[in-house]
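The structure under discussion is supplied below as structure tokens; questions concerning it will follow.
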Amino acid sequence: MRLTFFVIRRLLQLIPVLIGVSVITFTTARLLPGNAAIMAAGPLASPEDIERLEKHMKLDRPIWEQYFAYVNDIFHGDFGKSWRTGRPVLVELWEHFPASFELVTFSLFVAILIGIPLGVVAAIRQGSRLDQLLRGISVGGISIPVFWSGLVAIFVFYFLLKIAPPPIGRIGFSVRPPEHVTGFYILDSILTLNGPALASSLSQLALPSLTLIIAMTSPIIRITRSSMLDVLKEDYIRSAKASGLRRPVILFRDALKNALLPVITLIGGYYGYSLGGEVLVEQIFSWPGMGRYSVEAIFNLDYAPVQAFVMLTAVLYVAIYTIVDVLYAIIDPRIRY
Amino acid sequence: MRRRTENTPVAIERLTRQANRFAEITKRRFGFAYLVFRLNPASLLGLIIVVALFLSAFFGPLALPYSPDKTNAPERFQAPSSSHFFGTDKYGRDVFTRVLSAARVDLLIALGSIGLAFVIGTAIGSLAAYFGKAVDAVLMRIMDMIKSFPQFILAMALVAALGPGVRNLIIVITVIMVPSFARMIRSRVLSLREMAYVDAARTSGVPWWKIITAYLIPNSLGTLVVTAALNVSYAMLDAAGLSYLGLGVRPPQAEWGTMISEGTSQLLAGRWWISVFPGLALFLAVLGFNLLADGLRDIIDPRMRR
Amino acid sequence: MKRSLVVLLSMLVGLALCAPLALAGDFTVAVGAELEGWDPHTAIFFLANEINWNTYDRLLTFETIPADESPYGVEMIDSTRLKGMLAESWELEENGKVVVFHLRKGVIFPSGNEFTSEDVRYSIERKWEIPTASRWILNVMGLSTLDNMVVVDDYTIKFILDAPNAIFLPGWAFLSTMSIVDATELKKHVTDDDPYGHDYLNLNIVPTGPYTLESYVPGSEVILKAYEGYWGGVPTTDRIIYKVVPEEANRVLLLKSGDVDMAYFISAEQVSSQLMDAPGVNVFSIPTAGSQYFCLQTTREPLYNTLVRRAIAYAVPYDDLIENVMYGFASRATSPVPTLTAFHKDVYPYDYNPDKARELLAQAGYGPGDITLTLSYRLDNPDEEAVAIYLKDALDDVGINVIIDKVASTRFSEMRGSQDYEMALLFWIPYVNNPVYQLSYGYHSSSGCCNYGRYTNATFDAMLDAAKAETDPVVQEGLVNAMQELIAGEVPIILLYHPNRQITIRDNVTGYVYWTNFLVRYDVMSAE
């Protein structure tokens, strides 16, 4: 009962945040200097052409009227159209989503596989050489600018060693993308038994995900380590030790399970943020994901994609945090104040 | 039910003494920091990097024979050598000189925006915590909103709106950094607010702004300094990332992100030095601030250590 | 688990060995930007236009000059000799005020529909009515209302122009926006929300030309497939594969390795350092009538002062810019009418002479450091950035401080609207290589599209208006000469150079024809 109340309250709190998000999104997009009509009309247009276009794009209406029209459209599931392609923005975002999703999910998955065990080891061997080494590596990892490590990776593995494919996107040059089933190249090539496409999309994924893995692993190591240290100090672990349980059992059954909570929070936030936020990595590797898509939109004053993208990632982010909060409340009832 | 009792000079003096003791403890911890720095080699390394960064930013360009911005086309694309340690770029400018000259701008942007975010965030956070209720709800919801945007995209859109340039970069990074400070100080002040001496000061008629500036903020300073140190490195990475996308400083001003981006198209022609060295400088600077922040956190506020 | 891995791996290895590479008859092109929004009547991006160029036909085209007769070693169009495309022939009536097109009979489009005058009429109606389409081009071509387009019968269509117009006929051959769509097919996709099938055509193609759309992967590639029934003969290239490769250095490497047959948008610097001597790669460098220049805000001091403008003209190191920015792939601009345009005269007296510049500034009453000017350029244009950086040094040298303002293209567009530049780097490429058209873009106080410095000169306005209406070429030449002299003396803009166009292509490619609008038609090309 109290849990339901908590969840409802948490959801109600979302309403002002979402309204605020829509206002900020809208005004930021409109604050972009320049005249979308001039951009859309292209270089060969007369003032009359531009005026006609402003009317058509409803840019001549008062700003609040434009805002309500925009919100109204969103409630009808219409996020508008890109003037560059004339296509619904949601469709375009959806087409760019698999690229970002594949890259981020794969990288984060590997980062978790590496980061959590290393974090646990560092905590168990607190203060050891290994711990110090890992600490150094993880500080280094969060300090590397991805747009630079990506370039260095391209230079070393593609230009010098020639073992990586050229950084030209999701699939190699002479390979056809797999038949469209879901839009996820790796999944599609497995489903359609397309070996070359699978091999190519995996190898195209190597360098960008390497770049992301380096950046993502470090925070995971850090948080796992400190969270694990906190748990190891708790009384129940000590008493478990005292009661003569075997060390691995204590570590993995009791300690790690409890230590994972903050780790999950971090990863959740990270995931939401990365799905839309890896602009730089996508840019360097010509990865046709949502980040690159939104950069192009911003540079071209294409309001609708900018608004939709910012709006949706904000909602995604808020949603992930709300879910994490609710999960916390379920796991630890003390939080439901 | 207000306890309106000790509104006498004696009482106020006692309160002041109490507050001073808090401040003293804080100061002692900072003094202690000096010792611990010497004990923690990693943070010491961070400190050295940061100090070296400042020194080279201020004195480096003066000591070098080349101008960072003047073009010299006949000298372009020279590989690193004894006369050009880091080689030259496509305008024939000395990359080493530019890397040092860029340190100034990058430090200015990072420290400038963190300084502003520090001040604004502290104001917002302490007001929200002190007054609570509606003030708290409104201010913190706004902070939540800013936080809920994909920060880099928001920054990009804002810079695109305001136009590239050092000043606008500082403004934009300030905007995305304020919520961290506001949240941090809010939670600090919330716990301090219930302390006896604050309560007493309030009941004895000390005005709210004085309580905040004289009692609450000084006692949160440690936390704030750690937050600031941690965020300097993010600010630096964000500034360089925006510059990398072309949303940075005005040419011909050197800036690390811009330099990396200028070198991108030369990388696959084998001219690696144009982008690798500025990137290395950026990496070292961020590493320095991160190590330093780690050390500071261990000393000032061990509980913050996640 | 383990076994399935082994199966998967062996499958990979097995299939990788017989991976289908590009087929013979395919032509692969590495392009630098997205291919999108290709409704031919609204498209503004180059690559979208190129898709239109190959999937739609126009009424007219040009004869070509064979490679061995052309000065640049590559087959190119002869823009003085029109020939029919979808129109078999045309007649001028009333001194050129009325143009009648006789359309080709028996042309069957890929949809199976036959070409008629309705296709032409509907295409022009779309061009006129869709809000995002520019009516301006039709106006410039002499069409001021749709009523002046008259369908005579199924194979004859007549246009009544405001006045005889030198741009009308070449426009039908030059501009991809004059593409003819398959009206019968398109009308099937028209809805109330989308009365001209604009949304449909942005993503689909109703072809009237030699290619049809095979597939489109947003952000990655577009594949066009040959149409066997094309009236002009079966295309020699079966498929055109456009691959999006945003990073220039990668396009260069792919061209060098032979993975692509042609690469677009390679900068002079990369051509000079990477491709000139690369085995298997041909580089053609062809002078163009395009002009790189910067405008000066003539409405305010100090640039209002002609002496200051002349001083700036003397302060620019023209030859150094050509060498350092364009790596020699450009030629000096010596007149507002480019070298390759009729009636061109070397009227520009300015050479790099910093002493003279300082002298002129002193004469105008400005000492060193008295003038500070902002120079704007678009942030996505690396060549202009290089020009800006070199210009700053050169102007600093004569005592003019320059603030470089790197402007997002969005804000640039706004500045274009308000014409609020102090100095801005701009590029002008004429769609029609005609001296009067060349002079009409940037100097006329009211009718020009691009007078960004808001230059006003009543004498010039009068001469230009007279030249537009003049039909006697001798009188016209006299007016054009007078205008060139006038602009050279007044320097409302500083002309820097005419860049060459570099065609970077594999050496086994045959059939390439250079168009002055840079668009490539693949139906006669081959990469065997």
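The values are calculated or read from the model by the stated rules, or taken from the named source; none is laboratory data. Keep in mind that this is a model prediction, so the values were computed, not measured. Ideal geometry is used to build each Cβ from the backbone, glycine not excepted, and the neighbour counts take in all protein chains shown.
Per-residue answers, yes or no, for (1) closer than 19 Å to residue A:97 by Cα; (2) more than 14 Å from chain C (Cβ to nearest Cβ); (3) of a type in the set (Phe, Trp, Tyr):
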{"site": "A:239", "(1), (2), (3)": "no, yes, no"}
{"site": "A:242", "(1), (2), (3)": "no, yes, no"}
{"site": "A:254", "(1), (2), (3)": "no, yes, no"}
{"site": "A:266", "(1), (2), (3)": "no, yes, no"}
{"site": "A:275", "(1), (2), (3)": "yes, yes, no"}
{"site": "A:279", "(1), (2), (3)": "yes, no, no"}
{"site": "A:287", "(1), (2), (3)": "yes, no, yes"}
{"site": "A:293", "(1), (2), (3)": "yes, no, yes"}
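Let me ask something else. Of all residues in the stretch A:79-99, count the ones that are part of a loop (DSSP other than H, G, I, E, B) and touching a residue at least 12 places away in the same chain (Cβ under 8 Å). Step through it out loud before you land on a result.
Within the stretch A:79-99, the subset part of a loop (DSSP other than H, G, I, E, B) is A:79-80, A:82-87.
Within this subset, residues satisfying the condition of being touching a residue at least 12 places away in the same chain (Cβ under 8 Å) are A:79-80, A:82-84.
Counting residues in the stretch A:79-99 that are part of a loop (DSSP other than H, G, I, E, B) and touching a residue at least 12 places away in the same chain (Cβ under 8 Å) gives 5.
In this structure, is residue C:164 within 11 Å of chain A (Cβ to nearest Cβ) and either assigned to a loop (DSSP other than H, G, I, E, B) or modelled with pLDDT under 85 (or both)? If you could, list the steps in order and put the result at the bottom.
Values: within 11 Å of chain A (Cβ to nearest Cβ): no; either assigned to a loop (DSSP other than H, G, I, E, B) or modelled with pLDDT under 85 (or both): yes.
No; evaluated as a whole, the condition is false for this residue.
I would also like to ask the following. Residues of the stretch C:98-117 being crowded, with 16+ Cβ neighbours inside 10 Å and of a type outside the set (A, V, I, L, M, F, W, C), which ones?
Quick first cut of the stretch C:98-117, residues crowded, with 16+ Cβ neighbours inside 10 Å only: C:98-104, C:107, C:109-110, C:113, C:115-117.
Hits for the stretch C:98-117 are C:102, C:104, C:110, C:113, C:116, C:117.
Only residues that are within 14 Å of chain C (Cβ to nearest Cβ), of a type outside the set (Ser, Thr, Tyr) and part of a helix (DSSP H, G or I): list them for the stretch B:201-254, please. Let's see the steps before the verdict.
Quick first cut of the stretch B:201-254, residues within 14 Å of chain C (Cβ to nearest Cβ) only: B:242-254.
Among the residues that remain, those that are also of a type outside the set (Ser, Thr, Tyr) are: B:242, B:245-254.
Correct list: B:242 only.
Among the residues of the stretch C:375-406, what is the count of those that are closer than 18 Å to residue C:304 by Cα and surrounded by fewer than 16 Cβ atoms within 10 Å (Cβ to Cβ)?
Qualifying residue count for the region: 1.
Another question, if that's okay. Which of the following residues is away from chain B (no Cβ under 14 Å), under 21 Å from residue B:283 (Cβ atoms) and surrounded by fewer than 20 Cβ atoms within 10 Å (Cβ to Cβ): A:163, A:114, A:124, A:137? Working first, answer last.
On the way: A:163 fails: under 21 Å from residue B:283 (Cβ atoms); A:124 fails: under 21 Å from residue B:283 (Cβ atoms); A:137 fails: away from chain B (no Cβ under 14 Å).
After ruling out the rest, the residue left standing is A:114.
Another question, if that's okay. From the set of residues in the stretch A:295-328 that are facing another protein chain (nearest Cβ under 7 Å) and among the hydroxyl-bearing types (Ser, Thr, Tyr), which is farthest from residue A:205 (Cα to Cα)?
A:317
Right, here's the next one. If I ask for residues that are touching a Pro at 6+ places or on another chain (Cβ under 9 Å) and surrounded by 24 or more Cβ atoms within 10 Å (Cβ to Cβ), which ones from the stretch B:269-295 would you list? Steps first, answer last, please.
To start, the set of residues in the stretch B:269-295 that are touching a Pro at 6+ places or on another chain (Cβ under 9 Å) comprises B:273, B:277, B:279, B:282-283, B:286.
Listed by number, the residues that qualify are B:279, B:282, B:286.
Touching a residue at least 24 places away in the same chain (Cβ under 8 Å) and more than 16 Å from residue C:292 (Cα to Cα): does that describe residue C:347? If you could, list the steps in order and put the result at the bottom.
Numbers: touching a residue at least 24 places away in the same chain (Cβ under 8 Å): yes; more than 16 Å from residue C:292 (Cα to Cα): yes.
Spelling it out, residue C:347 is indeed touching a residue at least 24 places away in the same chain (Cβ under 8 Å) and more than 16 Å from residue C:292 (Cα to Cα).
Please tell me if residue C:125 is among the acidic types (Asp, Glu), under 24 Å from the mean Cα position of the chain (by Cα) and either part of a helix (DSSP H, G or I) or surrounded by 21 or more Cβ atoms within 10 Å (Cβ to Cβ) (or both). Working first, answer last.
On the way: among the acidic types (Asp, Glu): yes; under 24 Å from the mean Cα position of the chain (by Cα): yes; either part of a helix (DSSP H, G or I) or surrounded by 21 or more Cβ atoms within 10 Å (Cβ to Cβ) (or both): yes.
Yes.
I want to confirm something. Restricting to the stretch C:236-250 and keeping residues that are more than 10 Å from residue B:268 (Cβ to Cβ) and within 14 Å of chain B (Cβ to nearest Cβ), which single residue is surrounded by the fewest Cβ atoms within 10 Å (Cβ to Cβ)?
Our first condition is that a residue be more than 10 Å from residue B:268 (Cβ to Cβ); within the stretch C:236-250, this holds for C:236-246.
Those left that are additionally within 14 Å of chain B (Cβ to nearest Cβ): C:245-246.
On the way: C:245: 31, C:246: 23.
If we take residues in the stretch C:236-250 being more than 10 Å from residue B:268 (Cβ to Cβ) and within 14 Å of chain B (Cβ to nearest Cβ), then C:246 is surrounded by the fewest Cβ atoms within 10 Å (Cβ to Cβ).
Say whether the condition of being more than 7 Å from chain A (Cβ to nearest Cβ), more than 22 Å from residue A:162 (Cα to Cα) and of a type in the set (Gly, Ala, Ser) is met by at least one residue in the stretch B:271-279.
no
Then there is this: Considering A:96, A:56, which residue is out of contact with any Lys or Arg (no Cβ under 6 Å at 6 or more places or on another chain), buried (at least 22 other Cβ atoms within 10 Å of the Cβ) and within 11 Å of chain C (Cβ to nearest Cβ)? Even if it seems obvious, please write down each step before you answer.
Details: A:56 fails: buried (at least 22 other Cβ atoms within 10 Å of the Cβ).
Testing whether each residue is out of contact with any Lys or Arg (no Cβ under 6 Å at 6 or more places or on another chain), buried (at least 22 other Cβ atoms within 10 Å of the Cβ) and within 11 Å of chain C (Cβ to nearest Cβ) leaves just A:96.
Any idea which of (1) farther than 27 Å from residue B:154 by Cβ; (2) hydrophobic (A, V, I, L, M, F, W, C); (3) free of Cβ contacts under 8 Å to residues at least 24 places away in the same chain is the one residue A:19 doesn't satisfy?
Every listed condition holds for residue A:19 apart from (1).
Just give me the residues in the stretch C:456-488 being farther than 16 Å from residue C:440 by Cα and in contact (Cβ under 8 Å) with a residue 12 or more places away in the chain, in sequence order.
Residue satisfying the conditions is C:471 alone.
Looking at the structure I just gave you, is residue C:61 surrounded by fewer than 23 Cβ atoms within 10 Å (Cβ to Cβ), more than 14 Å from chain A (Cβ to nearest Cβ) and β-branched (Val, Ile, Thr)? Before the answer, list the steps.
Working: surrounded by fewer than 23 Cβ atoms within 10 Å (Cβ to Cβ): yes; more than 14 Å from chain A (Cβ to nearest Cβ): yes; β-branched (Val, Ile, Thr): yes.
Considered against the rule, which asks whether it is surrounded by fewer than 23 Cβ atoms within 10 Å (Cβ to Cβ), more than 14 Å from chain A (Cβ to nearest Cβ) and β-branched (Val, Ile, Thr), residue C:61 comes out as yes.
Output the residues belonging to the stretch B:173-185 that are over 13 Å from the mean Cα position of the chain (by Cα) and surrounded by 24 or more Cβ atoms within 10 Å (Cβ to Cβ).
B:182, B:185
Could you check how many residues of the stretch C:263-288 are hydrophobic (A, V, I, L, M, F, W, C) and within 14 Å of chain B (Cβ to nearest Cβ)?
Taking the stretch C:263-288 first, the residues hydrophobic (A, V, I, L, M, F, W, C) are C:263, C:265-266, C:268, C:271, C:275-276, C:278, C:281, C:283-284, C:286.
Keeping just the survivors that are within 14 Å of chain B (Cβ to nearest Cβ) gives C:263, C:265-266, C:268, C:271, C:275-276, C:278.
The number of residues fulfilling the criteria is 8.
Does the stretch A:96-109 contain at least one residue that is touching an Asp or Glu at 6+ places or on another chain (Cβ under 7 Å) and more than 28 Å from residue A:323 (Cα to Cα)?
no
Give the residues of the stretch C:141-163 that are within 16 Å of residue C:117 (Cα to Cα) and in contact with a Lys or Arg (Cβ under 8 Å, 6 or more places away or on another chain), sorted by residue number. First the steps, then the outcome.
Filtering the stretch C:141-163 for residues within 16 Å of residue C:117 (Cα to Cα) gives C:146-160.
Within the stretch C:141-163, C:149, C:150, C:151, C:152, C:155, C:157, C:160 meet the criteria.
Residue by residue, here is whether (1) more than 30 Å from residue A:201 (Cα to Cα); (2) of a type in the set (Val, Ile, Thr); (3) surrounded by fewer than 19 Cβ atoms within 10 Å (Cβ to Cβ); (4) within 14 Å of chain A (Cβ to nearest Cβ) holds:
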{"site": "C:205", "(1), (2), (3), (4)": "no, yes, no, yes"}
{"site": "C:208", "(1), (2), (3), (4)": "yes, yes, no, no"}
{"site": "C:219", "(1), (2), (3), (4)": "no, no, no, yes"}
{"site": "C:231", "(1), (2), (3), (4)": "yes, no, yes, no"}
{"site": "C:261", "(1), (2), (3), (4)": "no, no, no, yes"}
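Since residue A:179 meets every condition but one in (1) in contact with a helix residue (DSSP H, G or I) (Cβ under 7 Å, 6 or more places away or on another chain); (2) within 30 Å of residue A:258 (Cβ to Cβ); (3) acidic (Asp, Glu), which condition does it not meet?
(2)
Of all residues in the stretch C:172-190, which are in a helix (DSSP H, G or I), hydrophobic (A, V, I, L, M, F, W, C) and farther than 14 Å from residue C:202 by Cα?
Within the stretch C:172-190, the subset in a helix (DSSP H, G or I) is C:172-174, C:176-178, C:183-187.
Then keep just the ones that are hydrophobic (A, V, I, L, M, F, W, C); that gives C:172-174, C:178, C:183, C:186.
If the condition is that a residue be in a helix (DSSP H, G or I), hydrophobic (A, V, I, L, M, F, W, C) and farther than 14 Å from residue C:202 by Cα, then C:172, C:173, C:174, C:178, C:183 are the ones that fit.
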